[in-house]
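The values are calculated or read from the model by the stated rules, or taken from the named source; none is laboratory data. Values in this document were obtained by computation on a predicted structure and should not be read as measured data. Glycine gets a Cβ as well: all are built from the backbone with ideal geometry, and neighbour counts include every protein chain shown. When the accessible area is computed, the model is the full protein with side chains, heavy atoms only, and any ligands, DNA or RNA have been set aside. Shrake-Rupley method; radii C 1.70, N 1.55, O 1.52, S 1.80 Å.
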Amino acid sequence: MGTHTPGRRGLGSRRLGAAQIVFFVVAAAGPLYAIAGGVSATYAVTGSIGVPLSFVLLAPVLALFAVGYAAMSRYITNAGAFYPYVAHGIGRSAGTAVAYVTVLAYSSIQVGVFGLFGLSVSTWLAGVFGLSVPWWPVALLMVLVVGAGGVLRIDLNAKVLGVALGLEVAVLVVLDVVLFGNPAEGAVSLTPLSPSNLFTAGVGAVFAFSIAVFLGFEGAATYGEESRDPRRTVGRATYIAIGLTAVLYIASSLAMAVATGPDHVVERAAAEGPGLLFGLGAQHLGTVFADTAYVLFMTSQCAALLSFHNAVARYFFALGREGLLPEGFSRTSKRTGAPIGGSLVQTTIAVVVVAVFALAGRNPFTDLFTWTGVTASTGVTIIMIAVSLSVIGFFRRFPGRETWWRRIGAPALAAVTLTAILVLIIANFGVLLGPAGAIPWLRWGLPGLLVLAGLAGFLRAEALRTRSPDVYAAIGGPLRDDEDLVAAR
């Protein structure tokens, strides 16, 4: 890994505003594919009709997390986002552990979406052109396309994501209005918002799926080094992303239940999967609209893939820059400033994993997408708990100009509620894997990978502490030269 003193190489110039960062993080959540795929899967796998209420309850928890997260972004600007926060708030070894967990979690979800994309395009080609194309050549081709996009100018990618996101939101708004206007029971039923329909034996699985659907909003800080005003931009983008996705998920999941009838939404979701949303669209708006929406469903996945790729590449860049991974990971483009090293590493990982699942004959949706998705959501929940605790630790040393609510109140509540959610996720992990949940090595192996990643990161940092104290001291990067921090130091 090397024992050099890492230089503070930077990414591209500060060209991103809040709107562009929102494009990245909301596109990573992929509203259309999250609703058509994720919400349908939640109904089908959990058997609960209380899915809309889970989003209503989860959004404030994520907003609580965002309070401390945004406060930290005003003092720490680093493409590594989460781990510098933990490094400065808890300790450098803990920060490195979180860094390794973060890389595993985000790399996992991106690779999983390649499987879903391959299946989606394969299904579309068969239905429209009668072509029988396996999922994996499509997935591998998309890996290469996204990898190429990862080394382009970041604002070019932001424009692409912005257009795709705008079209997705427009389609969802039209669908929701029409579905609410055509309730299966003759009147709009709010039964899915009743607590008695959520707080049943499967509530843990519902929350686990729901937090996976939200995945992506927390990535705003990875673009701090490239934002015009990181003191304000990162927090603003995070709040907007949470609010926008929460409204879309609550409305759309409820609209699906209203249009099918609450008593039938689970059955139909299990039978039709992602096709449920588009089938309802065809029923009320015609096949042309439904076909157009399905194309956007595929482009939604493209947008998510680009966004996750950009985020993972920046994590690799930050870790390579600070000596926590090989230095080559931090190589950037001389022309665009894009993290070429990290981009190439992530592309290689995706090629290998997709190839392994293809050679093993595994299903791209029930195996590749589901297994990587639940692993990622579990990892991100762990990370958010660590960041919330880090906020408290950081501001105990540097109170700055932040209020008690930002320094302690909101982060403490976020840590407690997220820990409760993590317990529910682990307890229901077998349910999340579907039929494969009965396989002990998989049931415990996937969350075990996160533990191993964290342990590897912690041990790497501890080794640096004794062998290369200069490298260890630089973990997490410097704090911003804020007058309050300077005074506190």
Q: Quantify how much of the Cα-Cα distance distribution of the chain extends past 41 Å, in percent.
A: 14
Q: Write out the trypsin sites (Lys or Arg not before Pro) in the range 312-398 meeting two conditions: DSSP loop, and at most 16 other Cβ atoms within 10 Å of their Cβ.
A: LYS334, ARG335, ARG362
Q. To the nearest 10 degrees, how steeply does helix 410-427 sit against the main Cα axis of the chain, on a 0 to 90 scale?
A. 60
Q) Could you give the length gained on full extension between ALA463 and ASP263, defined as 0.36 nm per residue of separation minus the Cα-Cα distance, in nm? A) 66.3 nm
Q: At 0.36 nm per residue, minus the direct Cα-Cα distance, what do THR403 and GLU327 gain on full extension? Give it in nm, one decimal, please.
A: 23.5 nm
Q: Express the carbon and sulfur contribution to the solvent-accessible surface of the chain as a percent, rounded to the nearest whole number, probe 1.4 angstrom.
A: 68
Q | Label point 7 Å beyond Cα of ARG443 along Cβ direction - residues of the range 187-211 with amide nitrogen under 11 Å | A | none
Q: Quote to one decimal, in nm, the extra length available between LEU144 and THR200 on full extension: 0.36 nm per residue of separation minus the C-alpha distance between them.
A: 15.8 nm
(Q) Per residue, how large is the accessible surface of the chain? Use a 1.4 angstrom probe and give square angstrom. (A) 36
Q. Which angle between 0 and 90 degrees, to the nearest 10, do you get for helix 230-260 versus the longest principal axis of the chain when only C-alpha atoms count?
A. 20
Q) Once the Cβ-Cβ distance between VAL188 and ALA63 is put in as r, and R0 is 22 Å, what FRET efficiency do you end up with, to the nearest 0.05? A) 0.25
Q: Based on a Kirkwood Rh over C-alpha pairs, give the Stokes-Einstein translational diffusion coefficient of the range 349-489 at 20 °C and viscosity 1.002 mPa s in µm²/s.
A: 117
Q: Would you calculate the separation in nanometres between label points at ARG396 and VAL163, each defined as 7 Å from the Cα along the Cα-to-beta-carbon direction?
A: 5.1
Q: Mind pulling the angle between the C-alpha long axis of helix 18-29 and the longest principal axis of the chain? Nearest 10 degrees, somewhere in 0 to 90.
A: 60
Q.
Could you compute how fast the range 62-172 diffuses translationally, taking Rh as the Kirkwood radius over C-alpha pairs and applying Stokes-Einstein at 10 °C with viscosity 1.306 mPa s? Give it in µm² per second.
A. 92
Q: Rounded to the nearest 500, what is the 222 nm mean residue ellipticity of the chain from helices alone, with -39500 (n - 2.57) per DSSP H run of 4+ residues and division by all residues?
A: -23500 deg cm²/dmol
Q. Can you list the equivalent-ellipsoid semi-axes of the range 270-327, largest first and in whole Å, using the square root of 5 times each Cα gyration tensor eigenvalue?
A. 41, 11, 5
Q | Nitroxide proxy distance, nm - points 7 Å out along Cα→Cβ at THR287 and LEU152 | A | 3.3
Q: Report relative contact order for the chain in percent, whole number only (criteria: Cα-Cα under 8 Å, sequence separation at least 6).
A: 35
